[in-house]
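Okay, so here's the structure we're looking at.
Taken together, the values in this text are just the output of simple stated rules run on the coordinates, not laboratory data. Note that this is a predicted model, so its numbers are computed, not measured. Heads up, the Cβs are rebuilt from the backbone with ideal geometry, glycines too, and the neighbour counts pull from every protein chain shown.
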Amino acid sequence: MKPIVVQDIAKRYGKKKETVEALKGISFEVEQGAIFGLIGSDGAGKTSLFRILTTLLLPDGGNAWVDGLDTVKDFKAIRKRIGYMPGRFSLYPDLSVEENLAFFATIFNTTIRQNYSLVKGIYEQIAPFKNRRAGKLSGGMKQKLALCCALIHRPSVLFLDEPTTGVDAVSRREFWEMLKDLKNEGISILASTPYMDEASLCDRVALIQEGKILSTDTPAGVISAFGKPLLAVKSPRMLHLLNMLRSFDMVADVYPFGEYHHVVMKREGEEKMLEAGLKEIEKDITIMPVVPHIEDCFMALMKN
C-alpha cells in the first residue's frame with residue numbers, strides 16, 4: 001500500500017464562462033518513507049492539490065487515497081493520520097511556543113512527552129524561546145514550531161505546502177535536513193516548493209505548471225531527459241548578448257540564469273560554431289558547456 005495515490009484529480013473554480021481549471025487530471029504516487037517534491041511556480045495548482053489530499057477541499061473529478069483511505073469517504077480517519085503544514089503560518093500567534101504545542105497535542109489526544117522523541121531534534125532549536133509568543137518568532141523559528149505541531153501526534157504521512165517560502169537560506173537548509181531525519185523515521189513526505197534547487201533534495205519530483213504534471217521522475221532522471229547541449233555564456237554587455245544569441249539559427253532557446261545566459265542548442269556539435277560567431281561580434285565573451293539544472297528542464301518542458 002502506497003501512502004499517497006493521486007488518480008486523475010481535477011479541480012475547477014468559478015461558474016460557466018468564468019471557470020478556472022486549477023487541476024487538470026493530476027496523477028502520481030508517493031512511495032513509503034520517501035520525500036516527494038511537487039515543484040512549480042505560484043498559481044501552478046500546488047495548494048489546491050494539497051487541500052484535496054488533506055480533505056479540506058473536494059475534487060471535481062478523479063480519486064485520491066492517503067494511507068489507503070479515500071480522501072472523500074474516509075476524511076475523518078485521514079485527518080487523524082496526517083500532519084499538515086500549510087503555506088501560511090497558521091498557529092496561534094498569541095499563544096507561546098509551548099502552549100501551541102500542548103494545544104495541538106491535546107487535539108490529537110496525545111501529549112508532548114509521548115511523542116517527544118520524534119520532535120526532539122527540532123524542538124531543541126526553539127526551546128530557548130518556549131515562553132515567547134509564536135507571533136514574535138522569526139520566520140525560520142515559526143516554520144520549526146509549525147513542523148513540531150504537525151508532527152506531535154506522530155503522523156504516517158506529512159504534507160508540507162511551500163514550507164520554506166520567505167525563509168532565509170540557512171533556515172531552508174536546516175529545514176530540509178530535518179526532513180531527511182523524518183524520512184528515516186519512516187514518515188512519507190509530500191512537499192511543494194517554488195524553489196528549483198530544493199528539487200534535488202527529494203527522492204522523486206513532479207514538475208507542475210498550470211494544473212498539469214509536466215514530468216514525474218527522480219531529480220537525476222529529469223535532468224538526464226534534457227537531451228540537448230547546454231552552454232553558459234556571459235559578457236560585459238549582457239542585454240546585448242541576449243539579443244545577439246537569439247539571432248543565431250542554431251540556438252533553440254536562451255534565457256538569463258544567474259550571472260550567465262543559458263543557451264540551449266538545437267543540435268550537438270555546433271557549440272564551436274556558435275562560439276566563433278559570437279567572438280566575431282563581441283571579443284570579451286566567456287562560453288562553456290554546463291550540466292542542466294532542474295530549472296533548465298522545467299523551462300524546456302514549459303516551452304514544449
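How do M299, M250, M288, M265 rank when sorted from fewest to most other Cβ atoms within 10 Å of their own Cβ? Don't skip to the end; give the middle numbers.
Numbers: M299 18, M250 15, M288 11, M265 21.
Lowest count first: M288, M250, M299, M265.
Show that you can apply the helix-only estimate: for the chain, add -39,500 (n - 2.57) for every DSSP H stretch of four or more residues, divide by all residues, and state [θ] at 222 nm to the nearest 500.
On the way: 10 runs with 102 residues, N = 304.
So the helix-based figure for the chain works out to -10000 deg cm²/dmol.
Give a quick list of GluC sites (Glu not before Pro) in the stretch 187-289 that DSSP marks as loop, anything other than H, G, I, E or B, with at most 16 other Cβ atoms within 10 Å.
When the GluC sites (Glu not before Pro) of the stretch 187-289 are filtered for loop state and at most 16 Cβ neighbours within 10 Å, E210, E259, E268, E270, E282 remain.
Mind sorting L201, L49, L207, L242 by how few other Cβ atoms lie within 10 Å of their own Cβ, fewest first?
On the way: L201 20, L49 29, L207 23, L242 16.
Lowest to highest Cβ neighbour count: L242, L201, L207, L49.
What is the distance in Å between the Cα centroid of the stretch 119-189 and that of the stretch 215-269?
What the calculation gives is 36 Å, centre to centre.
Which label belongs to the value computed from this structure, given these candidates for Rg/Rh (Cα atoms, Kirkwood Rh): (1) 0.94; (2) 0.98; (3) 1.06?
Of the labelled values, this structure produces (3).
Straight-line reach from K283: which aspartates and glutamates fall under 12 Å, measuring Cα to Cα and dropping same-chain residues less than 8 apart?
E275
For K279, which lysines qualify as cross-link partners when the Cα separation must be under 17 Å and same-chain residues fewer than eight apart are set aside?
Counting by Cα, and skipping residues close in sequence, K279 has these lysines nearby: K234.
Using Cα positions and a limit of under 14 Å, work out the aspartates and glutamates in reach of K130, with same-chain residues fewer than 8 apart set aside.
The reachable aspartates and glutamates, counting only those whose Cα sits under 14 Å from K130, are D94, E98, E99.
DSSP loop (so not H, G, I, E, B), at most 12 other Cβ within 10 Å: list which trypsin sites (Lys or Arg not before Pro) in the stretch 92-175 pass both filters.
Values: sites: R113, K120, K130, R132, R133, K136, K142, K144, R172, R173; in loops: R113, K130, R132.
Within the stretch 92-175, the qualifying trypsin sites (Lys or Arg not before Pro) (loop, at most 12 other Cβ atoms within 10 Å) are R113.
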